Structures are given as structure tokens and as C-alpha cells.
Amino acid sequence: MRTPLIAGNWKMYKTPEEGVDLVRGLIEQTKDVKDVEILVCPPFPCLAAVGEALSGSSIRLGAQNLYPKAEGAYTGEVSAGMLKALGCSYVILGHSERRMYFFETDAFIREKTDAALDAGLIPIICVGESLEEREQGRTFDRVGYQMDRAVQGMSPDRAKNVVIAYEPIWAIGTGKTATDEQAQEVHAFIREKLSVHHGKEVAEAIRILYGGSVKPANAAGLMSRPDIDGGLVGGASLKADSFAGIVNYK
């Protein structure tokens, strides 16, 4: 059985002090949760303080990005090793906002994925289609292309350590959500892609998250689908009450 993962992507919100306040509330409101893995991914300046506040809890710490080189003259960038040293266990890679605003390519995201795995971080690899692509019936073409470049040639042992997040771009921060059926259909397609590349056993072990306006009101319906293994949560992760409501979806 795959353990559900609920991951909060704080994006560019929260100072270190605000982040500590948030996770203190989250720890209290999720202390009785079992069989669900909880992850918060603050912006870089918050990682140290939030990591310290999470000490002794079961909530995991992750980052929102990394640069694929171990070190060097890359002003403004952060390496996988630096994140690991701060206590991160996960890192979000290839989010649609990184692709859109910072022109990240599938090849570059694969470099980052390999760097994360080399450092012992679990990459959450984001894939998803735009509204135009969905309306043109090209969802599977787009997601399939991204998936091929994300995992092709990766050994099964390495592939077991990745998480995939399906985030329909048209549902991010818009209040729109794919229906449970729409989300499940793409998740099943992604799992089949993983099976083609790594075999059914590995594909069945990999968690696939849904990201796109996940809220307490729709979490249970989404998580009830057989190939949806959790959520990559944006806006609703910025308040302890709403994020805890998603974590407590059962």
C-alpha cells in the first residue's frame, strides 16, 4: 500500500517567524493523524527556522527548488547538498510556475531530479497541461511527453524514490479543480507511463499526487480514487486550519 502524502507548497509566502507560527499550529492540529505523511515546503529563508520548529514532530521538511550543481559560481542558487544539510527530505521540481516564469525545460528538470536523487532527496516532479492543451484534447500528449523526459532511462531502484505530482495548470490558484474522474484518468495514465518505463511493480510503488486548488472540501473525493496518493497543496497550505483539514481528510 502507498502511504498518502499531503505536501504544502508555500510558494513565496511567509517570513521565518510566520512560518514557525504556521507549523506550530499544524503540529497541534495533526498530532493524532496516522497513516498520512505530512510535508511542508517553505521558501528558502524559512527552511532553517521551520526545520527547527518541526524537530520532534512527524512532519517532514522540503524545498521548492534546487540547482543541479553541487557547488560553484552560481549566484542566487541553492544545491541539493545544502538542502539536505538543513534537514530537507523532499524537493519540488518542475512546478508549472518554474516552467512558465523561469523557462525551465524538461531536460533541466531532469538534471535537477538526478541531483536530488544523488543527494538523497526525494524529488516531487510536477507535470501538467494548460487549459488550451486540455481544450484541444492534448492532455495525454503533453503529460506523456513530460513523463518520458522525467523518468526515461532512470533505473527502477532510483525511480522508486520519486514522487510525481499532476498539476493541471488551469486549476492552480484559480479555484477550479479537475473533477475526481478527470484527475483519476490522468493519474492512471501517469502510472501506466511509469509501468512502461520501470515495470508494473515499481509503478505501483510510486506515489502520484494531485495539485490544483486542493481544499478540505474536495480532498476526500480526490483521495478516494485508486491512483491519487495525496495532494500538492498551494494556497490552502498557508493556514494551519485549512491544511490540517486536508490532512484529516479520512
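The values are calculated or read from the model by the stated rules, or taken from the named source; none is laboratory data. All values reported here derive from a predicted model rather than from experimental measurement. As a convention, Cβ positions derive from the backbone with ideal geometry for all residues, glycine included, and neighbour counts pool all protein chains shown. Note: accessible area is taken over every heavy atom of the protein model, side chains too, but ligands, DNA and RNA are not part of it. Shrake-Rupley method; radii C 1.70, N 1.55, O 1.52, S 1.80 Å.
Quick check on this structure: which one of Ile109, Ile27, Ile124, Ile59 is of a type outside the set (Ser, Thr, Tyr) and touching a Phe, Trp or Tyr at 6+ places or on another chain (Cβ under 8 Å)? Give the derivation first.
On the way: Ile109 fails: touching a Phe, Trp or Tyr at 6+ places or on another chain (Cβ under 8 Å); Ile27 fails: touching a Phe, Trp or Tyr at 6+ places or on another chain (Cβ under 8 Å); Ile59 fails: touching a Phe, Trp or Tyr at 6+ places or on another chain (Cβ under 8 Å).
Just one listed residue meets the conditions, Ile124.
Filter the stretch 213-243 down to residues that are in contact with a strand residue (DSSP E or B) (Cβ under 8 Å, 6 or more places away or on another chain) and at positive phi, then give me how many there are. Residues meeting the conditions: 1.
I'd like the full set of residues that are open to solvent by 10 Å² or more (accessible area, probe 1.4 Å), closer than 18 Å to Ala171 by Cβ and either among the hydroxyl-bearing types (Ser, Thr, Tyr) or touching a residue at least 40 places away in the same chain (Cβ under 8 Å) (or both), limited to the stretch 88-99. First the steps, then the outcome.
Narrowing the stretch 88-99 to residues open to solvent by 10 Å² or more (accessible area, probe 1.4 Å): 89, 95, 97-99.
Filter again for closer than 18 Å to Ala171 by Cβ, leaving 95, 97-99.
Hits for the stretch 88-99 are His95, Glu97.
Selection of first residues in the stretch 70-87 that are in a helix (DSSP H, G or I) and of second residues that are exposed (fewer than 11 other Cβ atoms within 10 Å of the Cβ), restricted to Cβ pairs under 8 Å at least 6 apart or on distinct chains, gives the following pairs, ordered by first then second residue: Gly81/Glu71. A count restricted to the stretch 228-250 and to residues that are in a helix (DSSP H, G or I) and within 13 Å of the chain's Cα centre (by Cα) stands at 1. Of the residues making up the stretch 14-38, those that are closer than 26 Å to Val162 by Cβ and not in a helix (DSSP H, G or I) are Thr30, Val33, Lys34, Asp35, Val36, Glu37, Ile38. Within the stretch 202-250, track down each residue that is surrounded by fewer than 16 Cβ atoms within 10 Å (Cβ to Cβ) and β-branched (Val, Ile, Thr). Answer for the stretch 202-250, where residues must be surrounded by fewer than 16 Cβ atoms within 10 Å (Cβ to Cβ) and β-branched (Val, Ile, Thr): there is none.
Restricting attention to the stretch 130-159, the residues that are modelled with pLDDT under 95 and within 19 Å of the chain's Cα centre (by Cα) total 1.
Within the stretch 109-138, the set of residues being out of contact with any strand residue (DSSP E or B) (no Cβ under 8 Å at 6 or more places or on another chain), among the polar types (S, T, N, Q) and open to solvent by less than 10 Å² (accessible area, probe 1.4 Å) is empty. Looking across the stretch 176-214 at every residue that is in a strand (DSSP E or B) and not aliphatic (A, V, I, L, M), the one that is nearest to the chain's Cα centre (by Cα) is identified as Tyr210.
State whether the residues of the stretch 180-196 include one that is in contact (Cβ under 8 Å) with a residue 40 or more places away in the chain, open to solvent by 10 Å² or more (accessible area, probe 1.4 Å) and of a type in the set (A, V, I, L, M, F, W, C). Within the stretch 180-196, one or more residues are in contact (Cβ under 8 Å) with a residue 40 or more places away in the chain, open to solvent by 10 Å² or more (accessible area, probe 1.4 Å) and of a type in the set (A, V, I, L, M, F, W, C).
Of all residues in the stretch 149-173, which are assigned to a loop (DSSP other than H, G, I, E, B) and acidic (Asp, Glu)? Write out each step before concluding.
Let us first name the residues in the stretch 149-173 that are assigned to a loop (DSSP other than H, G, I, E, B), namely 152-155, 160-162, 167-168, 172-173.
Once the filter is applied, which keeps residues that are assigned to a loop (DSSP other than H, G, I, E, B) and acidic (Asp, Glu), the stretch 149-173 yields only Glu167.
Looking across the stretch 143-173 at every residue that is over 18 Å from Asp118 (Cα atoms) and among the small types (Gly, Ala, Ser), the one that is surrounded by the fewest Cβ atoms within 10 Å (Cβ to Cβ) is identified as Gly173. In the stretch 186-206 there is at least one residue that is out of contact with any Asp or Glu (no Cβ under 7 Å at 6 or more places or on another chain), modelled with pLDDT of 95 or more, over 22 Å from Met12 (Cα atoms) and of a type in the set (Phe, Trp, Tyr).
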